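The values are calculated or read from the model by the stated rules, or taken from the named source; none is laboratory data. What you are looking at is a predicted structure, and each value in this text was computed from that prediction instead of being measured. Don't worry about glycine lacking a Cβ; one is built from the backbone with ideal geometry, like all the others, and counts go over all protein chains shown. All accessible areas refer to the heavy atoms of the entire protein, side chains included, with ligands and DNA or RNA removed. Shrake-Rupley method; radii C 1.70, N 1.55, O 1.52, S 1.80 Å.
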Amino acid sequence: MKSIIRKAVTLLAVYYAYMVEYRAELILWVLTGSLPIIMMGVWTEAAEGGQFGLSSAEFARYFLAVFLVRQLTVVWVIWEFEREVVEGKLSPRLLQPLDPVWYHVSSHLSERVARIPFAIFLVILFFALYPQAFWIPSFTQLVLFLLASAMAFALRFVIQYTFAMFAFWTERAYALHDFWFLFYLFLSGTIAPLEVFPEQVRQIVLLTPFPYLINFPVSILIGLPTDIPRGFLSTLGWFILFLGINRIMWRQGLKKYSGMGA
């Protein structure tokens, strides 16, 4: 156990030092996640008609929470893994007594810690410019939100890592992810809250993994009605499903892998 903890701390420290070395780039990465802020402007104006069930302030809180969740759950493992397979850089990592996935997990977690200060600054700036949207979630809401966000990150990571396994068979695995990403934008709650969807459509969407990546943790944070037990169980269920698929594809992919030095 001590050896595992020591390895984990070392990996996190190394990748954190790497991430903070490029602070300017980190700021740009944070700003690239500003789509929810743009959508907030659209929906707060649309809310003036009173036909969507949420007020302007509630829409502003919703999309601010979407911005936060996206900052906490951003994943890019498919691009890194695809490059490693195509360029043969995966070979030396296969010789090490550590599953290569943990290098990617460490880089993502370290980047998250380095990213948070910039995200907090933007949240403070948002409330300074739009004080009527200010609210304070309860302690229970905050704890459940952090747990839901952590599970959303884990689910999004394992989904993208599963798509990355296609790099063993094709040089453009990210093309599959781009197709998936279209559904993610529209069905996760990034573009619009699920509350504005027709009831029948919303019930169908809830059967997919998309709402649990954004809408579920956001709803907890801002206090929108949501089935919390169902949300956590659904997130866990989808995670286990994709993890199982991922491990099968990993074993089959290694048999196919023929990178430099393999």
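A few points about this structure:
- Out of ARG23, ARG6, ARG61, sole residue that is open to solvent by 20 Å² or more (accessible area, probe 1.4 Å) and at pLDDT 80 or above: ARG61
- Selection over the stretch 160-180 of residues that are in a helix (DSSP H, G or I) and either open to solvent by less than 60 Å² (accessible area, probe 1.4 Å) or at pLDDT 90 or above (or both) gives a count of 12.
- Matching residues, the stretch 117-165, being among the β-branched types (Val, Ile, Thr) and within 18 Å of LEU64 (Cβ to Cβ): ILE120, VAL123, ILE124, ILE136
- Contact map, the stretch 114-130: first residue more than 14 Å from LEU72 (Cα to Cα), second residue modelled with pLDDT of 85 or more and of a type in the set (A, V, I, L, M), Cβ cut-off under 8 Å, separation 6 or more or different chains; pairs are PHE126/LEU64; TYR130/ALA60.
For (1) without any contact (Cβ under 8 Å) to a residue 12 or more places away in the chain; (2) surrounded by 14 or more Cβ atoms within 10 Å (Cβ to Cβ); (3) out of contact with any helix residue (DSSP H, G or I) (no Cβ under 7 Å at 6 or more places or on another chain), each residue gets a yes or a no:
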site: GLU195; (1), (2), (3): no, yes, yes
site: ARG202; (1), (2), (3): yes, yes, no
site: ILE214; (1), (2), (3): no, yes, no
site: LEU221; (1), (2), (3): no, yes, no
site: PRO225; (1), (2), (3): yes, no, yes
site: ILE248; (1), (2), (3): yes, no, yes
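- Selection count where residues are surrounded by 21 or more Cβ atoms within 10 Å (Cβ to Cβ) and outside any helix (DSSP H, G or I), scope the stretch 181-191: 3
- The single condition from (1) buried (at least 17 other Cβ atoms within 10 Å of the Cβ); (2) without any contact (Cβ under 8 Å) to a residue 40 or more places away in the chain that GLY231 fails is (2).
- Residue in the stretch 139-160 that is among the polar types (S, T, N, Q), farther than 29 Å from VAL105 by Cβ and touching a residue at least 24 places away in the same chain (Cβ under 8 Å) present: no
- Any chance ARG70 is under 28 Å from THR170 (Cβ atoms), surrounded by 15 or more Cβ atoms within 10 Å (Cβ to Cβ) and either out of contact with any Asp or Glu (no Cβ under 7 Å at 6 or more places or on another chain) or at pLDDT 85 or above (or both): yes
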